[in-house]
Each structure stands twice: as structure tokens, then as C-alpha cells.
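Read the figures in this text as sums done on the coordinates, not as results from a lab. Predicted model, so just to flag it, every value in this text is computed and none were measured. Cβ placement follows ideal geometry from the backbone for every residue including glycine, while neighbour counts extend to all protein chains displayed.
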Ligand code: PEP
Ligand code: MG
């Protein structure tokens with residue numbers, strides 16, 4: 001018989017943390033905490049397999065489920081000596097979802113389940129606090145009606161607001177037992193009016209209604225969107241956790257709170273969290289009351305001056321510190337916990353691996369190695385390479401003028417500027433048009449996720465460091481300022497007020513997620529400084545990785561930046577990018593437009609010294625590291641003169657007639673330039689261009705070797721080759737030029753000649769091509785374009801339809817299509833090696849900086865990846881993780897040892 005239900009509590013559990021797939025994250029960790037002997041209210045988990053069964057079988061449960069759940073509930077009753085539905089001492093439960101991957105706020109929760117008109121009296125008598133009992137009952141009706149019965153939540157808010165207004169109350173806590181009783185009556189009447197039937201009084205009916213609602217919510221729109229954004233398969237399903245209630249709202253010796261075992265923003269080894277006295281779980285997240293800090297140190301960092309738990313509940317605080325210690329030692333990672341205090345006794349409701357900023361991830365990983373909690377290899381695996389982007393993010397220039405109009409919490413680091421929008425939909429729509437936007441909300445909710453994703457930054461006027469906005473923004477790596485309370489938002493007018501200043505939709509705002517400042521207009525930024533921890537982790541990563549990391553760079557500035565980030569050479573120097581400078585574009589145009597070889601040579605002679613100087617600088621910056629220079633690959637249209645003025649300037653420089661030049665421009669215009677006269681095809685038609693470039697490369701190499709005594713080994717790369725013949729013809733020119741420069745200079749030059757693999761034909765004919773090519777560099781931008789027959793420049797407008805309809809998981813220009821394009825790479829690598837076993841293999845398309853693509857590069861055995869300078873650290877870390885995952889790092893470590 002299949003086991004569908006797993007019990008936990010009282011120092012033991014049927015499940016464990018390892019059973020996450022079956023029990024969901026929450027259920028698995030509740031089981032684990034129980035087994036650890038931590039104080040967990042007893043309960044049971046209905047497995048994710050039930051969810052899968054439910055959706056596979058027309059929303060029916062497996063036959064044995066009811067009996068297993070009944071038995072588990074009976075176990076609960078026995079453990080607590082209470083009965084579900086007992087009129088005098090009712091057992092109450094919470095029903096919560098718990099998916100395999102944490103999906104914060106996406107699924108629904110029902111608390112205080114088991115209350116009805118009779119049991120509420122029992123609870124009142126038992127607790128001696130009718131106010132508490134009726135407050136709990138009205139919360140239950142409100143939550144259950146909303147989540148399970150789908151009655152509009154606003155109706156209940158209205159009733160409550162009205163009740164408060166009538167009595168002249170400001171806070172919910174001012175309502176008396178009699179007041180709550182009246183509210184409960186109105187709530188029930190509303191439910192009956194809305195549904196045409198009364199609020200369910202039978203606890204069993206309530207329980208199965210809530211369980212069904214949790215499974216139902218797995219397919220609600222918010223959950224579907226969240227899964228799409230986080231690539232969580234719908235087939236995973238959610239578990240349901242049914243757990244005995246403990247109450248944080250039974251009086252002033254009760255509380256509820258959330259905490260991180262270390263600071264999730266900086267990673268500092270400090271206990272970090274918030275709690276509310278006499279409150280129930282959702283009150284903390286809802287931001288209705290201002291939470292108090294847990295520690296005295298935390299209090300010192302807040303403006304409110306509210307007393308810390310350490311001061312007001314020292315005994316409970318000591319229990320909590322003990323739990324913190326146990327959890328960190330056991331899980332060996334920073335935990336995000338939820339707890340409730342009932343009459344001075346601590347109860348743990350949840351633990352999970354805490355989300356953190358990149359800075360915190362880095363610090364925690366490095367600190368935990370120092371604390372002997374984890375190994376260096378684990379530290380390397382712990383940091384998400386893409387998240388490093390956050391650390392490399394620009395920050396505000398401290399010297400820049402700024403008009404600060406408000407301040408909130410520094411919820412997620414980085415600075416961002418953009419146009420103000422007040423809704424998630426507007427953020428998505430405007431970002432889709434290429435606008436930078438700042439999403440400004442009173443607070444965010446899971447419905448806003450798509451807008452938060454689209455925005456450059458997020459600003460809220462309500463909510464703390466653990467609010468939805470803060471947690472989600474940190475996870476996404478978006479700068480965020482939360483709880484900027486002095487700012488007031490009027491959604492209807494689409495305006496925000498900061499004192500007497502008005503910020504309208506479309507105005508530019510800058511936020512600094514590191515300080516919490518909100519500024520008018522765009523404030524200039526500066527590049528980040530990297531911490532010692534960063535260097536330490538990168539050092540470990542470098543020891544584990546087996547692939548080299550190079551950079552795509554052609555300017556000295558980029559090359560220097562890349563060296564600072566640890567690039568081990570240049571994998572792609574796009575020489576056409578060096579041709580755009582104002583002082584050389586005229587000569588370049590002259591060369592392209594020339595209709596005779598003589599005319600071209602005349603223009604090339606002007607370009608040669610400039611090109612040589614470019615290469616001298618790159619060789620000097622790279623100090624003997626490999627430098628791959630790609631010969632000209634111009635999309636011709638980008639170089640043609642367009643305006644009359646441009647034509648006149650080129651005509652004058654070339655000494656030709658302007659009208660003739662205009663004619664030539666028309667002649668050169670291609671209808672499909674990406675598949676036209678570009679790459680090596682240009683070298684085939686006009687060999688003198690490649691000859692000039694080869695000369696510039698070799699002369700520069702000689703100059704640097706003579707001046708600096710450095711060995712320079714240029715790698716000359718021929719683009720867009722489809723046939724071996726093309727390469728042979730061009731290689732002969734390169735070799736001939738090298739020979740000439742060697743003879744002229746009397747210096748020996750070691751160099752390699754290789755090719756890019758950017759066309760399917762080249763990949764298929766790799767064995768043949770490798771007989772001539774000493775290296776291959778996969779140009780996956782063009783290879784993706786030509787494999788899919790999908791324009792690099794035009795696909796952005798419709799790729800989203802492909803992603804929405806599940807045809808493609810990702811934009812194949814961002815993350816390698818390992819199935820299709822990847823197969824061509826694997827074929828080319830294998831065939832290339834078959835004819836030249838020591839052929840050097842690399843990648844220089846955009847994918848060279850994408851962690852998932854880097855993983856693939858490791859699998860096919862590339863020697864290096866090359867990416868833009870800012871992605872170099874990401875690539876170093878991703879390459880280390882790929883090597884570890886492939887078991888190759890371990891090998892290398894043993895060899896070293
Ligand atoms: C490529 O095609 O992947 C490549 C690196 O070349 P480019 O982007 O310059 O076409
Ligand atoms: Mg290309």
C-alpha cells in the first residue's frame with residue numbers, strides 16, 4: 001500500500017530533510033526539526049505524490065488517503081490529549097502548502113481550523129480569554145472564506161473597518177470580545193449572502209476543504225507565473241502540512257516572529273529578525289504593526305527604538321539562540337526560520353535555507369569555511385554565479401549631487417534609476433519597450449512578481465526587511481528600498497508625494513538599495529570594489545576549475561577591466577569594432593567603398609599603423625597571455641556611409657567623385673547582410689584586407705617582444721568559415737605575411753591560425769577543417785542564428801511567444817540550446833579532435849558567460865570559455881562548479897595533493 005501521509009512531532013518523525021521531493025521543503029524540514037528534538041508542534045504531511053495523483057485523476061484523491069489522514073490526526077489527538085472538534089477543548093490545526101522548491105507567498109494558508117460556533121466557546125473557556133477566542137474565529141472565517149470559499153477578502157476588511165469606525169478605534173487590538181463576536185456574526189452573514197449557504201461548521205468538512213484548496217492553489221495563476229519564472233515543473237506538485245496550532249496571540253507572553261540565522265543582506269554572523277508580541281503569523285508579514293527587533297544590536301540599527309526580544313523575553317530569546325545554533329550546525333547553512341511563542345514557550349514552525357544577497361552568499365560561504373562548517377568545495381558550490389552580477393553592480397557616485405526625497409530600508413543592494421510606474425503591468429509593458437523603470441508600490445504581493453522582474457529597481461512605502469518586496473527583490477537581484485514610510489502613494493492619481501514634492505508616473509527616480517535612499521532624477525554611478533572574501537572564493541574556484549576563462553575585448557579599457565576580474569587572455573578581439581573610431585571610420589569607409597585593389601590598398605595603408613598600435617596595447621596589457629584576434633567580420637551595412645555629408649567626406653579622402661561613390665554604396669547594399677558578404681568571404685574577395693591585418697598583428701607582436709621582452713603568441717582567427725578551402729586560401733596569406741615580417745624583423749614569431757565555428761556546415765566538416773585549423777572557437781551567436789535560421793537582430797520581438805507557448809524554454813541567444821546547437825558543437829569538437837587530437841577548443845559567443853552554457857562547455861571538453869569582462873568572475877565560478885559537477889575538479893585536486 002502506498003504511504004501518502006507522514007507524521008512528525010514529539011522528538012520523532014516518519015520523514016526527514018532528505019525526503020524533500022516527497023514532503024515538500026516545509027514538511028521535510030518540520031520532520032527534520034522534530035527528529036533533532038527541537039520544539040515543533042506535532043502534525044502530518046500529505047505528500048506531493050497526492051498532488052500529482054490529484055491532477056492525474058480528475059481531481060480525485062487516492063482511496064487510502066482518508067484513512068491514513070484520519071490515523072495521523074488520531075495520533076495528533078493522542079499526543080496532545082485533545083480532540084479535533086471537541087466542544088470543550090478543541091484541537092485546532094493549521095493547513096499549509098509546502099512545495100519542493102520554496103515558493104514564497106505563492107500558496108495559501110489557513111490557520112485556526114476546527115473553530116466553529118461551539119468550539120469557539122470551548123477555546124474561550126479553556127484559554128480564559130474570550131477576546132482571543134473570537135479574534136481567532138474571525139481570522140479563521142476570513143482566511144478560510146478567502147482561500148477555500150473564494151469570497152472577496154475586501155468584504156471582510158470593510159466590515160472590520162466599519163466596526164472600528166463606529167467605536168472610534170484605531171487598532172484591531174482595541175476590539176473587545178463582544179466587538180469580535182459582532183464581527184464574526186457579520187462575517188458569517190456575508191459568507192451566507194455570497195455563497196447561498198452557511199459557513200461550514202463541521203471540522204472535517206473544513207479540513208478537507210482546506211486540503212483541497214491547497215492542492216487547487218498549485219494551479220492558480222500566481223503559482224503558474226512563479227513556476228515559469230523559476231523554471232519549476234508543474235509535475236513536482238505541492239505537499240500539504242496539517243499541524244497543531246500554537247498561538248502567538250494569547251496575551252503578552254505570546255509572540256510570533258521570523259528570523260535569519262545570519263544577516264541576509266550582508267552575511268554578517270549576527271542573528272537577525274523581527275517579532276510581534278501578541279500576534280499571529282500573518283501579522284508580521286502583513287506590515288500592519290511595526291515589528292520589534294530580536295536583538296539589542298538589531299535595535300541599535302533601527303530608528304523605532306522598540307525594545308528587543310533579548311530584553312523583554314530573555315528566556316525565550318535564550319531558547320531561540322540555542323535553536324539557531326543547533327540549526328546552523330545541523331544544516332551547515334544560513335536558515336530562515338519562523339517561530340511562535342505561546343505563554344513563554346518557543347515553538348518552531350519552519351526552517352529553510354535562507355535567501356540572501358550575493359554579498360551575503362559570498363560572506364557566509366567564506367565564513368563557514370573558516371568556521372569549519374563546510375569545505376572550500378562546498379563554498380564554491382554555494383554561490384550562484386549569476387548572482388555575482390549584484391556584486392559587480394555599479395553603486396552611486398558618492399560625489400554626485402543628489403536630491404534625496406525619502407528613505408527606507410536597504411532591502412536589496414545596487415543602485416538603479418528609471419521611470420516611475422505604479423503597477424506591475426505597467427512595469428512589464430514599459431520594460432518590454434526597452435525603458436528602464438522603477439516599480440513603486442505601497443507594498444508588493446505575489447501578483448506583482450512579473451513587474452518586479454521587469455523593473456530595474458523596486459520601491460515600497462510599507463514593509464520591513466522580511467517583507468515580500470525585500471525577500472523577492474533580493475532573490476531576483478533587483479535593487480530594492482522597502483518601507484520608505486515618509487513617501488505617500490496615490491494609485492488613483494498615479495502620483496507619489498514626498499513632503500511638498502510630487503513625483504508623477506514617468507518621472508525619473510533613483511534608488512539605492514544599499515543605503516535605502518530615494519532620489520529624484522538620475523544619479524551617476526561608479527564601479528564596485530570587490531572584497532577580500534570575493535578574491536578568496538575566486539581563488540578557491542580557480543583551483544577547482546579545469547577550463548580557462550578568457551575575455552571578449554578590443555579596447556584597452558575592457559582588456560584591463562577583464563584582467564582585473566581574472567581573465568586569462570583574450571578569446572575574441574573583434575577587429576571591426578576597432579574600426580568605428582571617429583579618426584579612422586573615414587579610412588575604413590574609403591577601403592570598403594574602393595572599387596579597385598589599388599584604391600583599397602591606399603586606404604589600408606592609412607589603417608595599418610592604427611591597427612598595429614591597437615594590437616601593441618592589447619599584447620602589453622595581456623602580458624604574454626593568449627590573445628585571439630579575429631580578422632575583419634563586418635556586417636557591411638554598418639560601415640556604409642549614409643548621409644550626403646558622410647559620402648562627401650569619404651569621396652574627398654579617397655579623391656573620387658561623390659556621385660560615383662553614391663552609386664557604389666547602392667551597389668554594395670545587401671538585402672540580407674547577416675548572410676551576405678561578411679566574415680572570411682570578404683577576405684576571399686579582398687585578400688589585401690586580411691593581409692594588412694595579419695601584418696599589423698605580427699608587427700605589433702615583434703614590437704612588444706622587442707620592447708618588453710615578453711613572448712607574444714598571437715592566435716589569428718578567421719571568421720565565418722564554411723569550407724576548408726576558404727581557410728586554406730586565407731591561411732596561406734597569413735603565413736606568407738608572417739614569414740615576411742619575420743624576415744624583415746629578424747625575430748621569430750610563434751603564432752596559431754584557427755577558425756571560428758559559426759556555421760552548421762563548418763561544424764559538420766570539422767574533421768576536414770581541423771587539418772588546417774590549429775584551434776576552433778565556437779561563435780555561438782552566429783551558430784545559433786544559422787542553426788535555427790533565426791535572425792539575431794530580429795528575433796527579440798517574437799521569441800517571447802515561443803517561450804510563452806513552451807516551444808523554447810529560454811532565449812537561445814542568451815542560454816545555449818544544448819539540444820540542437822549543442823549537438824553541432826559536440827560533433828565539431830569530436831570530429832575536430834579526430835583529425836587533430838591537440839586542437840585547442842573555445843567558445844566566444846555570448847554563451848561563454850552564461851553559467852548553464854558553461855556547464856555544457858565543460859561536458860564537451862572545451863579548453864576555455866570567453867566572455868565580456870564583467871562576466872569573467874561569473875564564468876570562473878561557473879566553470880569551477882561545472883568541473884566539480886563533472887567530477888573533474890576532484891580528480892585535479894587529488895593530482896595536486
Ligand atoms: C559569434 O558569432 O558567436 C561571435 C562571437 O561573433 P559575432 O558575435 O561577432 O558575430
Ligand atoms: Mg559571429
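If the segment from residue 344 to residue 178 were pulled out straight at 0.36 nm per residue, it would be longer than the present Cα-Cα gap by 57.1 nm. Using C-alpha pairs under 8 Å with a sequence gap of at least 6, the mean separation divided by the residue count of the range 112-219 gives a relative contact order of 34 percent.
Packing order of peptides 826-836, 878-888, 409-419, highest average first: 409-419, 878-888, 826-836 (average count of other Cβ atoms within 10 Å over each peptide's residues). Residue ranges 184-194, 543-553, 111-121 sort as 543-553, 111-121, 184-194 when ordered by packing (mean number of other C-beta atoms within 10 Å per residue, highest first). Each part reduced to its alpha carbon centroid, the range 262-284 and the range 562-639 end up 56 Å apart. Taking every Cα-Cα distance in the range 629-704 and sorting them into 10 Å bins starting at zero, the pair-distance distribution P(r) comes out as 17, 36, 35, 12, 1 percent. Based on DSSP H segments of at least four residues, each scored -39500 (n - 2.57), the chain has a per-residue ellipticity at 222 nm of -14000 deg cm²/dmol. Computed over Cα pairs, the Kirkwood radius of the range 799-847 leads via Stokes-Einstein (0.890 mPa s, 25 °C) to a diffusion coefficient of 196 µm² per second. Cα-based values for the range 754-835, radius of gyration first and Dmax second, are 13.9, 44 Å. Measuring nothing but how far apart in sequence close Cα pairs (under 8 Å, 6+ apart) lie, relative to its length, the range 682-742 scores a relative contact order of 49 percent. Principal-axis analysis of the Cα atoms of the chain puts helix 65-80 at an angle of about 60° to the longest axis. Computed extension length for residue 221-residue 732: 177.8 nm, one decimal, from 0.36 nm per residue of separation with the Cα-Cα distance subtracted. Please identify which residues in the range 522-564 have an amide N closer than 15 Å to a label point set 7 Å out from the Cα of residue 584, following the Cα→Cβ vector. Flagged as within label range: 553-559.
Calculation over all alpha carbon pairs of the range 394-526 in 5 angstrom steps from 0 returns a P(r) of 2, 13, 24, 28, 21, 10, 2, 0 percent.
A crude spin-label estimate for the pair residue 662 and residue 321, with each label 7 Å from Cα along the Cβ direction, gives 8.5 nm.
Bridges between two residues of the range 351-491, per DSSP, are antiparallel at a rate of about 25%. Per-residue extension of 0.36 nm, minus the Cα-Cα distance of residue 170 and residue 445, leaves a gain of 96.5 nm for this segment.
Taking the convex hull of the alpha carbon positions in the range 255-356 and averaging its projected area over all directions gives 6.0 nm².
When DSSP beta bridges are restricted to pairs lying wholly in the chain, around 65% turn out antiparallel. In this calculation the C-beta distance from residue 638 to residue 500 is compared with R0 = 51 Å, giving a FRET efficiency of 0.55.
Annotation: for a label point projected 7 angstrom from Cα along Cα→Cβ of residue 189, residues of the range 150-176 with backbone N closer than 13 Å are 159-160, 163.
Summary value for the chain: 8 percent relative contact order, contacts being C-alpha pairs under 8 angstrom separated by 6+ residues. Measure out, as a whole number of angstrom, how far apart the alpha-carbon centroids of the range 523-543 and the range 109-184 sit. Answer, in whole Å: 52. For the range 492-510 and the range 191-253, what is the separation of their C-alpha centers, rounded to whole Å? Cα centres, the range 492-510 to the range 191-253: 38 Å. Roughly how tilted is helix 724-745, in degrees to the nearest 10 and between 0 and 90, from the longest Cα axis of the chain? Between helix and principal axis, roughly 60 degrees. Computed on the Cα trace of the range 5-244, the radius of gyration divided by the Kirkwood hydrodynamic radius gives Rg/Rh = 0.99. Global size of the chain: 32.7, 104 Å for Rg and Dmax (C-alpha atoms, Rg to one decimal, Dmax whole). Just to confirm the number: angle between the C-alpha axis of helix 203-217 and the first principal axis of the chain, 0 to 90 degrees, nearest 10? Helix 203-217 and the main axis of the chain meet at about 10 degrees.
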